[in-house]
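Only one structure is covered here, and it is reproduced in the block below.
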Amino acid sequence: MALLVLIFAVAGFVGTHFLFSHIARPWAVATFGGSGFRIFYSLVATTFLVVILAAYHESPHGPMAWSPDNLGLQLVFDVAGYFAVALFMASLIGNPALVGANLNGLSTRQPSGVFLITRHPMMFAIAIWLVVHLLILPSLRDLIASTGLVVLALWGSWLQDAKKTAQSGREWGLWVSRTPFWPDLRQIGHLGLNWVVAVVPWLLATWMEMRIMQSPVGVWYLFPDLPY
């Protein structure tokens, strides 16, 4: 039963995001007003998120599709997860894709830093983390939750390009022509100091993964005697 609730909640969370971010947004803003719409949508999203967390907690932890007790998988999780955290940290500064960002003059801006890698670093950071999460926690409940959120991150980014181009015209359109959608891994050196900034958040994130799994993961896999 908990898995069915989880499926419903993930579908509702993803579906309402697309609905109120695109198709039904004009109607909702006209009905509730700008501030009212933000409050309304926040309540809807928060409600589905709470149900997701509750259903995830109540869903069976197994069986696992494969054993995560594998050094190779743990190394992939560490490397890709660290890259995801560095992307996320870099996305917090000067990101025109963030909600409410000022797009005036964006057409004259030359991409630098993380935006030479992708114009949607935050969404790809989330998607990469969720994918590698499945490598070390390949249960049905994690497949359901992670798949829905990866779809939201990637498809949502694709639709955001169309929406921002329609809203700002030349500003976002020229930005799109200068920055890649899919991450260009040849440019990862442009993350610069974000590789350093990411260390503490990455350690905290992998520690949280360990708490969820109740077994050592990632870098903590090298310290199996630590409490978790």
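Odds and ends about this structure:
- With the convex hull of the Cα atoms taken as the outline of the stretch 135-228, the averaged projected area works out to 8.5 nm².
- Basic side chains Lys and Arg get +1 at the Cβ, acidic Asp and Glu get -1 at the Cβ, and with that the dipole of the chain about its Cα centre reaches some 880 debye.
- Ordering of 125-133, 104-112 by burial proxy (mean other Cβ atoms within 10 Å per residue, highest first): 125-133, 104-112
- Full extension of the chain between Gln167 and Leu75 yields a length gain of 28.9 nm, computed as 0.36 nm times the residue separation minus the alpha carbon distance.
- Pairwise inverse Cα distances across the stretch 52-112, averaged and inverted, put the Kirkwood hydrodynamic radius at 15.9 Å.
- Surface composition of the chain: carbon and sulfur make up 73 percent of the accessible area, probe 1.4 Å.
- When mean projected area of the Cα convex hull in nm² is computed from the coordinates, the matching label among (1) 10.7; (2) 13.7; (3) 14.8 is (2).
- With a cut-off of 13 Å between beta carbons, the residues surrounding Leu174 carry a summed charge of +3, where Lys and Arg count +1 and Asp and Glu -1.
- Segment Thr46-Ala65, extension gain: residue separation times 0.36 nm, minus the distance between their alpha carbons: 3.8 nm
- The modelled label-to-label distance for the pair Ala2/Leu143, using points 7 Å beyond Cα in the direction of Cβ, is 1.8 nm.
- Translational diffusion of the stretch 1-59, µm² s⁻¹ [Kirkwood Rh, Cα pairs; Stokes-Einstein; 4 °C; 1.567 mPa s]: 108
- Summing charges over neighbours of Thr165, with a neighbour being any other residue whose Cβ is under 15 Å away from its Cβ, gives +3 when K and R count +1 and D and E count -1.
- Ordering of 81-88, 205-212 by packing [mean C-beta count within 10 Å, highest first]: 81-88, 205-212
- 13 Å beta-carbon shell around Val219, net charge (K/R +1, D/E -1): -2
- Ellipticity at 222 nm from helices only: DSSP H runs of n ≥ 4 in the chain, each -39500 (n - 2.57), divided by the residue count, give -21500 deg cm²/dmol.
The values are calculated or read from the model by the stated rules, or taken from the named source; none is laboratory data. Every value quoted in this text rests on a predicted model; they were computed, and no experiment measured them. Here the Cβ is made from the backbone with ideal geometry for all residues, glycine too, and neighbour counts use every protein chain on show. For accessibility, only protein heavy atoms count, side chains too; no ligands or nucleic acids. Shrake-Rupley method; radii C 1.70, N 1.55, O 1.52, S 1.80 Å.
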